[in-house]
Amino acid sequence: MHEQLHLLDEVKPLRDPVFICGFTGWTDSHGAANGVVQYLAEQWNAKPLAEIVPEPYYDFTVQRPRSRNEGMTRVLDWPSNRFSVVSAAGADSDVLLFSGIEPHLRWRSFIDAIVEMLEYTRSTTSVTLGVQPGAVPHTRTAPVTLSASDDEFETQFGLRIPVSRYEGPTGLMSVLNLRLRAMDWRNASLWAIVPHYLNVGPNPNAMASLVRMLDRGYGTHTSLAGIDTMITDFNQKLDSALEPSGEAAAYVRTLEEQYDAQHANDGSTEPVDLGRTEDILGDLEQFLREHRDEGPKA
């Protein structure tokens, strides 16, 4: 067992387990994908199985622990990277969930710890979750895109696999995906597309889209009641911020028209490409600042 893996429970035999993970970090700076994994763990009553010890992987002057009150006791929350396991109703396979925070240091060792846990549980199929900005309106369902090592994922999720030609800096999730694919394990990545003009989060619309896609892919039926409440509050605050700005509202309407036209023509869930917007959303600054202050801090 990897020296930085700490077991929290006995690892029992699992049914062809599927590994589902989300990181707060490069591919999810505000925690929507990570939030999805935590939400699934709660909704599916997953049991904690193991965690990666944080000490070797973080610069605690950057990723500081958080203090809070638990009754009359003062406690510290350190960066958490936790595996949990569940037999989700409707799924043919058991599920190994992992919610984590992209580390600052020793990425290869961190990936080794994850891979060793997958080998220990005999999981050779993985689905990683991410969020990326795009030219989509906040008033529509967040589109989801797919990248995968196996064409069968297209049928499973009802999405096509585009050819990626990206070259440049990348995040831990991509490093993990490439490692798993090099081992010839089945691997898919689901990406929720969020409005590029909203640098806040976690975006509950993205969370809802990712949960729905996982339900479709694995036959589960996850209640979205908790996320729907978050969406209502999020959209009400955003609409109030947009109302005074005719220019900002007009830009969102343009996105809506492009989005609706594309869906009417081909039913695609791919985001439209309107290019870069000018800096016309100044009236949103107060909303963004307030929402950022209210949101969870990793």
In whole Å, what is the distance between the alpha-carbon centres of the range 151-200 and the range 1-64? 19 Å
Could you run the Debye sum over the Cα atoms of the chain, one equal point scatterer each and no solvent, and tell me log10 of I(q)/I(0) at q = 0.10, 0.11, 0.13 Å⁻¹, two decimals? -0.57, -0.69, -0.97
Are there chymotrypsin sites (Phe, Trp or Tyr not before Pro) in the range 188-256 that DSSP marks as loop and that have at most 15 other Cβ atoms within 10 Å, and which are they? none
Spin-label pair GLN262/ARG160, simplified geometry with 7 Å Cα→Cβ offset, distance in nm: 1.2 nm
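Once you have the Cα-Cα distance between GLN132 and SER223, take 0.36 nm times their residue separation minus that, and quote the gain in nm to one decimal.
Working: separation 91, 0.36 × 91 = 32.76 nm, distance 2.42 nm.
My answer for the length gained is 30.3 nm.
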Looking at the range 69-113, which trypsin sites (Lys or Arg not before Pro) are DSSP coil and have at most 15 other C-beta atoms within 10 Å of their C-beta? ARG106
Here the FRET efficiency for ARG68 versus LEU178, based on Cβ atoms and R0 = 30 Å and rounded to 0.05, is 0.25
GNM top mover of THR73, THR27, THR229 - the chain, alpha-carbon springs below 10 Å: THR73
Taking only Cα atoms, what is the 0 to 90° angle, nearest 10, from helix 172-182's long axis to the longest principal axis of the chain? 60 degrees
Sorted largest first, the Cα spans of the range 183-250 on the principal axes come out in Å as 52, 28, 17
Testing the spin-label approximation: label points 7 Å from Cα along Cα→Cβ at SER87 and ASN199. State their distance in nm. 4.8 nm
Hey, rough spin-label estimate for LYS12 and ASP77, points 7 angstrom out along Cα→Cβ, what's it come to in nanometres? 2.9 nm
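Compute the length gained on full extension between MET1 and THR254: take 0.36 nm times their separation in residues and subtract their Cα-Cα distance, giving the result in nm to one decimal.
On the way: separation 253, 0.36 × 253 = 91.08 nm, distance 5.37 nm.
Between MET1 and THR254, full extension yields 85.7 nm more.
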The chain, dipole about Cα centre (Lys/Arg Cβ +1, Asp/Glu Cβ -1), debye to the nearest 20: 640 debye
Report, to the nearest 10°, how far helix 225-242 tilts away from the longest principal axis of the Cα atoms in the chain, using its own Cα long axis and a range of 0 to 90°. 30 degrees
With a ≥ b ≥ c taken as the square roots of the eigenvalues of the C-alpha gyration tensor of the range 133-196, please select rounded if a/c is under 1.5 and otherwise prolate if a/b is larger than b/c or oblate if it is not? oblate
By how many degrees, between 0 and 90 and to the nearest 10, does the Cα long axis of helix 32-43 differ from the longest principal axis of the chain? 60 degrees
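Throughout, read-outs are computed from the coordinates displayed, never taken from laboratory work. Keep in mind it's a predicted model, so treat the numbers as computed, not measured. All Cβ positions, even for glycine, are placed from backbone atoms using ideal geometry, and neighbour counts span all protein chains on display.
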